[in-house]
Structures are given as C-alpha cells and as structure tokens.
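Worksheet: the structure to be examined is printed underneath.
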Amino acid sequence: MKGLKYLISILFLLILAACHKDIPEPETMLEIESVSAIELASDIPVLGIESNAKDPFYVRHQVRGKDVLIECIVQGVSFRGHSTKDKGKILLYVDGVKKEEISSAAFIVKGLDTGTHRIRLALMKGNQPSAELNKEFYVSIP
C-alpha cells in the first residue's frame, strides 16, 4: 500500500512537471536598418492600376464559382456617407435586366446560372436622373 502511494506521488509529480509552458527562444535575431530615402530607377516596372488614371470608371471583376466579385474605382465619386466628393451609386444589370442599386465600391453578384452573362454597371452620380458612366463586360460561369 505504501509503495502504491509513492508510485502515485511520483507519477503526479512527473505529470505536473511535464505540463508547464516551455517557450523556446528565437533562433535568429532580426536586425533592421533604418533607411532615410529610397531612390527608384526609372526602368523598374511598377505594378498597379495604370488605367485608373486614364479611365474615370475603372472596373475589375473575378469569377468564383457561381459568384462574381466586382470592384469599382471611380474618380471624383465617393460611396461613403460622410465625404466631400459626390455621392454615387451603381445600378447593376445582368443580361439587360436591372437587378439592384448598389451603394458601395466593391460587391458580389451571387448565384448566377451556368453560361455566359452580360453585366452592365451604370454609375449614378449625385442626384442626376440618368447614368453618367457605364461599363459592360461578359462573365462565363462554369
């Protein structure tokens, strides 16, 4: 009986000793140098949205399954409520049928049927009765 108590005590101490957090030290130290200025060479290509500067209504889309992710960049128009720029909204047409009015720059068109669809975006700027800018593109849903 005494031997069983010692055995249980030793097992309890071993379990207790194994249950502590042992956080390892980092193997390398990261040294960061401060840089005061960076000079870019003119022959380095810069990635970005080049057509945004030329196109006042730039639209980028991506198909994911039966959904289409759409992002709009519009010069001089804001989709936020508290902005000094003109307040804008986008009318969404799928295959010539008006689906909804959208008041954000990025949105998702969900649940399109299999096949090719024509999507048209009409930008309504301020309180104008007609669309100022239009973009149209085709998407293929597998």
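The numbers here are math on the coordinates, done by the rules we state, and not lab data. Note that the coordinates shown come from a computational prediction; the quantities given were computed from them, not determined experimentally. Neighbour counts are summed over all protein chains in view; Cβ atoms, including those assigned to glycine, are modelled from backbone coordinates with ideal geometry.
Phi angles across region 119-125 convert, under the Karplus curve 6.51 cos²θ - 1.76 cosθ + 1.60 with θ = phi - 60°, into 3J(HN,Hα) values of 10, 10, 10, 10, 8, 9, 10 Hz, Gly and Pro given as x. Full extension of the chain between residue 69 and residue 118 yields a length gain of 16.2 nm, computed as 0.36 nm times the residue separation minus the alpha carbon distance.
Using only Cα atoms, what Kirkwood radius does region 97-142 have, in angstroms? Walk me through the intermediate numbers first.
Details: mean 1/r = 0.0813 Å⁻¹.
Value: 12.3 Å, from the Cα pair sum.
Placing a label point 7 Å from the Cα of residue 62 along the Cα-to-Cβ direction, the residues of region 98-123 whose backbone N falls under 13 Å from that point are 107-108.
Across the alpha-carbon set of region 51-141, the Rg to Rh ratio works out to 0.97, Rh being the Kirkwood radius.
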